[in-house]
Amino acid sequence: MMRFKDKFAAKYARLTDFAAYQQSVQQFLRRSIRVNTLQISVQELKKRLTNQGWTLEQLLWCKEGFYITGERRDIGNLPEHKEGLFFVQSSVSMIPAVVLDPKPGEIVLDLCASPGGKTTQMAAMMQNKGQITAVDSNSFRCTILKKNLARCGVTNTEVVRMPAEKYQGTQFDKILLDPPCSASGTIKGETKHSQQTLQEWNPRTIKRLVKLQKKMIKHAFSLLKPGGTLVYSTCSLEPEENEEVVQYLLEEVGGMLENIDLPIKADHKNGIKIWPQYQDTEGFFVAKIKK
């Protein structure tokens, strides 16, 4: 049974139906994959995995995304994964790229890009045409990112090791910013990760992260072409890291908040916030802003 800090429980009771939230996060996260259409069609991969005894359930918000169930749990060891035919990715983390909707030929910036789930998703949506600049500050994470890009056959992406808030480049058509966050949305199932995230949760850390997030979103917006689109996303459920960061950008710099219309239950305020109890997923936040 998960143990919640008193401050955490009190705060989340103000934000949502805490009993429903508690019940949901006790359940293990359903495994999900995204078909890498740079290497194989959705139908062909479905056929290959189904023939091996796997059951695939289509995600409503991503036509390449599926929940996957089977006797084994080590889906990362499947030959199809090693060949880059699919990416193991949280169902809700597929939403930011869907919302950004990068097109073939566009110039795209992916900030805080590692391990590359969203980067490879965007490359596939762009059919390897145009250009993605994938930025991450950590050399180890950049190595992981490069390996995933190579495994998935991505050829339109350049990896740059640099803090997102310091990156200087051309003006971009579209930018995805998924900054460091408290990761409170990833509390799901009786796992070491969930317990560690709960133990490390505290308002002081959130306050420190918010300063960085505001710096990053303001800088990211400055790199957009006029008429360009910024998608800001986190795996946090904290208002300070989400709705309030977006509000800061709108008030300090400008921009137009765009509606996100997806077949998914969410709270709508400065973007969409998905609570774990809504459709048995991780918690997530996504906002779309036009310059």
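Data overview
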item	result
Checking Phe86 against (1) without any contact (Cβ under 8 Å) to a residue 40 or more places away in the chain; (2) under 21 Å from Arg30 (Cβ atoms); (3) over 16 Å from the mean Cα position of the chain (by Cα); (4) open to solvent by less than 60 Å² (accessible area, probe 1.4 Å), the condition it does not meet	(1)
So Lys192, is it surrounded by 14 or more Cβ atoms within 10 Å (Cβ to Cβ) and of a type in the set (Lys, Arg)	no
Meets criteria (under 24 Å from Val25 (Cα atoms), more than 15 Å from the chain's Cα centre (by Cα) and surrounded by fewer than 20 Cβ atoms within 10 Å (Cβ to Cβ)) for Glu243	yes
All positions within region 1-34 that are in a helix (DSSP H, G or I) and under 18 Å from Glu190 (Cα atoms)	Phe8, Ala9, Phe18, Ala19, Ala20, Tyr21, Gln22, Gln23, Ser24, Val25
Sole exception among (1) open to solvent by 20 Å² or more (accessible area, probe 1.4 Å); (2) without any contact (Cβ under 8 Å) to a residue 40 or more places away in the chain for Asn128, by number	(2)
Set Val253, Val286: member being within 23 Å of Ala220 (Cβ to Cβ) and in contact with a Phe, Trp or Tyr (Cβ under 6 Å, 6 or more places away or on another chain)	Val253
One residue from Glu83, Glu64, Glu71 being at pLDDT below 95 and charged (D, E, K, R)	Glu71
Selection within region 264-277 - under 23 Å from Gln23 (Cα atoms), in contact (Cβ under 8 Å) with a residue 12 or more places away in the chain and surrounded by fewer than 18 Cβ atoms within 10 Å (Cβ to Cβ)	Lys265
Residue in region 208-221 that is without any contact (Cβ under 8 Å) to a residue 24 or more places away in the chain and surrounded by fewer than 16 Cβ atoms within 10 Å (Cβ to Cβ) present	yes
Residue list for region 247-261, filter: in contact with a helix residue (DSSP H, G or I) (Cβ under 7 Å, 6 or more places away or on another chain) and either part of a loop (DSSP other than H, G, I, E, B) or surrounded by 13 or more Cβ atoms within 10 Å (Cβ to Cβ) (or both)	Tyr248, Leu249, Val253, Gly255, Leu257, Ile260
Hey, Ile95 open to solvent by less than 10 Å² (accessible area, probe 1.4 Å), in contact with a Phe, Trp or Tyr (Cβ under 9 Å, 6 or more places away or on another chain) and modelled with pLDDT of 95 or more or not	yes
Residues that are surrounded by 14 or more Cβ atoms within 10 Å (Cβ to Cβ) and either farther than 25 Å from Trp201 by Cβ or without any contact (Cβ under 8 Å) to a residue 12 or more places away in the chain (or both), drawn from region 14-30	Phe18
Residue match in region 36-47 (condition: of a type outside the set (Ser, Thr, Tyr), under 28 Å from Leu145 (Cα atoms), at pLDDT below 95 and in a helix (DSSP H, G or I))	no
Scope region 144-164; condition out of contact with any strand residue (DSSP E or B) (no Cβ under 7 Å at 6 or more places or on another chain) and exposed (fewer than 14 other Cβ atoms within 10 Å of the Cβ); matching residues	Lys147, Ala150, Thr155
Selection status of Glu244, assigned to a helix (DSSP H, G or I) and either in contact with a strand residue (DSSP E or B) (Cβ under 9 Å, 6 or more places away or on another chain) or within 25 Å of Ser91 (Cα to Cα) (or both)	yes
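The values are calculated or read from the model by the stated rules, or taken from the named source; none is laboratory data. What you see is a predicted model, and the numbers here were worked out from it, not measured in a lab. Glycine also receives a Cβ, built like all others from the backbone with ideal geometry; neighbour counts cover every protein chain displayed. To get the accessible areas, we keep the full protein, side chains included, count just its heavy atoms, and leave off ligands, DNA and RNA. Shrake-Rupley method; radii C 1.70, N 1.55, O 1.52, S 1.80 Å.
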